[in-house]
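Accompanying notes for the structure given below.
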Amino acid sequence: MKNSSKPAFIATGRSEVQIGSKATTLYLSSSSLKLHDKRCHSRESTNAGPPLGTGSLPQSPVQSETDRETVAKPGTAPGRSTAYSQRSEREDNPSRGSVSRLQPIREFTFTGYDIMADVTPEPPEPEEEIKPRKRLQAYLDSCSHLGITPVTYLSRQMSNKGIVMRNHSIGPIGARALAIALLNNDTVTNLDLEDDGIEAEGAKAIAEMLEINTNIVDVNLSENCIGSQGLRAISDLMVNNQVIQSLDISGSSLVDSDAHLLAKILQNNTTLRELILSHNGICEQGGYILATAIANNDTLRILDLSWNHLRGKGSLSIAASLQKNIGLRKLDIAWNGFSKNDAIVLSKSLKENTTLKELDISHNRLEKEALGFLMQGVKDSDGLEILRLGGNCITPELAMVILTCIGQSETCRVNLLDFENNEVDEEFLTLLDDIQSTKSLEVVYGHVIKRENGRGRKGDGIDGNLDAVYELYKYMSEHNYRVIDLMKWLDKDGSMSVSRDEFKRGMMTAEVPLTEHQLDVMLDKLDMDGDGEVDFSELLIGERAFRRQLRRKQEREKAARKEKKNLQGIDKIILSSLSDKT
């Protein structure tokens, strides 16, 4: 039999192979090489042939056939032979035993190659995805610990900058669960729990949390009836807290005896910028206590004392505190009991105070004399910019006096005068036009009273603040006109659409109380698609808007009547108490 050459890797003991996308070197063990050399020497004694390991001669047909059979043998790994596989082959094919003895036992090992190198590792989860889950899990765990059901609406907000949970009735335990979850939360900066029924215990839990969490700057606990106990916890917190800038505890059932805790906040906290105390029961004594703290505080910017019972010594002290205060920019004392004496003191304070920008003294039942004293201070003030007087006893004639006072003053900086729904006349509008030609002044007013032989202005006929569309549908309602009736009357060709000119001629024929200018404004609003025509669907949309506006107006009027009745009852109680004292 003719000698065949052996593969080069047998002689050298190594070979370059490709596995997957990595290349590596295979090394043969020394025992395999020794066995190979021994068999080669035995073979050379009977057959002459070239030396092994040169790799210069082609592989013999017998060797190639044997290798192919070895590779194709089931149960044997490709490129690898073992003693067991060779013995099995000799037993199955005895005639090929001599050929099989020529094959070396190839045993090789891997060095310097990581079998997992080809596997692409999963990228680490971003931190911004891990933190939201941790925040949510913290809330779920706290709810589980306290034995309550998590609020789904709240769960969605645990990673927002602001948590807004209004009117959800989570109760004291729900507030405690939220407080526990927010202890280490570094995302939330605004916390709004208005009307959630957290009461005093919930307020205590929130206060404990805010002592640790220094990221929350805006806190709203209004309409939760936290009472004296809840306020005490908030007061103790605010003494040391130097982060919170806005605090809303309106509707908290606070009374005069709680004024000391409120004064404690104003006297010790230097970072609070906004304090909302509306809809509480702070009366005469409470106002007096608060006034002292207000006078000495120069960091608070917004103070809301509306819807309390400030009167007598309390309201007088609040008015006098503005003479010393240099921090407030906005003061809301609406819906209280300020009188003529309070207006006199407030007038003096406005002359001396140069930092207050907005004053809301609406709905205090101020009469002509009190308003006269107040306006003396307003016209000489060089700081006040917004004045709200609505809901007081202001007649059209008195409105003219107030407007004249502001218009003729050279030092007055008021640029917004709010009369709310107080009526004015046409002379008022004429005067307003003259003043607006020389200075920037916006005035909010109610219904305009028509007077014969009055000077006209652009847009006469209806209140300048009302919508012309509203006036059209009001006119139709008063005359029992339907939208379909109006369209049939205006639409001569039956196209259910009328041009602007046709619409204006029809309105003038029907004597709708709108001027030509107001009709143009109305048509601009009704023509929603801007095609120059008003169709039936656009009129229906306008009618629905009118119905909604009319319903809201009726609700406001009903609330105003109810409030007036309540105030009359309060007056009787005060008068009876004063008569008892005398």
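The values are calculated or read from the model by the stated rules, or taken from the named source; none is laboratory data. What you see is a predicted model, and the numbers here were worked out from it, not measured in a lab. Every residue, glycine among them, receives a Cβ derived from its backbone with ideal geometry; neighbour counts consider all protein chains shown. Surface areas here come from the heavy atoms of the whole protein model, side chains and all, with no ligands, DNA or RNA. Shrake-Rupley method; radii C 1.70, N 1.55, O 1.52, S 1.80 Å.
Ranked by the mean number of other Cβ atoms within 10 Å of their residues, highest first, the peptides 199-205, 485-491 come out as 199-205, 485-491. In this simple spin-label model, placing a label point 7 Å from the Cα along the Cα-to-Cβ direction at both Thr404 and Leu416 gives a separation of 2.7 nm.
Grab the beta carbon distance between Ile148 and Arg551, set R0 = 35 Å, and tell me the FRET efficiency rounded to 0.05. Approximately 0.35, to the nearest 0.05. The label-point distance for Ile173 and Arg482, in a model that sets each label 7 Å from Cα toward Cβ, rounds to 5.6 nm. Take the Cβ atoms of Leu540 and Asp433, set R0 to 45 Å, and the FRET efficiency comes out at 0.80. Coupling constants for segment 137-142 follow from the phi torsions by the Karplus curve (6.51 cos²θ - 1.76 cosθ + 1.60, θ = phi - 60°), and in residue order they are 5, 4, 5, 4, 5, 5 Hz; glycine and proline get x.
Multiply the residue separation of Cys393 and Ile449 by 0.36 nm, subtract the distance between their alpha-carbon atoms, and state the gained length in nm to one decimal. Mind dumping the intermediate values first?
Values: separation 56, 0.36 × 56 = 20.16 nm, distance 1.67 nm.
This chain segment gains 18.5 nm when fully extended.
When N counts the residues of segment 202-322, how does its alpha-carbon radius of gyration compare numerically with 2.2 N^0.38 Å, as a ratio? Rounded to two decimals, the normalised Rg is 0.98.
Considering only Cα-Cα distances, which of the following residue pairs are longer than 22 Å: Lys204/Lys264; Lys330/Lys553; Lys340/Lys562; Lys340/Lys439? In this structure, Lys330/Lys553; Lys340/Lys562; Lys340/Lys439 lie more than 22 Å apart at Cα. Per atom type, segment 228-349 shows carbon and sulfur on 50% of its accessible surface, probed at 1.4 Å.
Taking R0 as 51 Å, what FRET efficiency do you get between Asp531 and His260 from their Cβ-Cβ distance, rounded to the nearest 0.05? Can you show the working numbers first?
On the way: r = 67 Å, r/R0 = 1.31.
Using R0 = 51 Å, I get an efficiency of 0.15.
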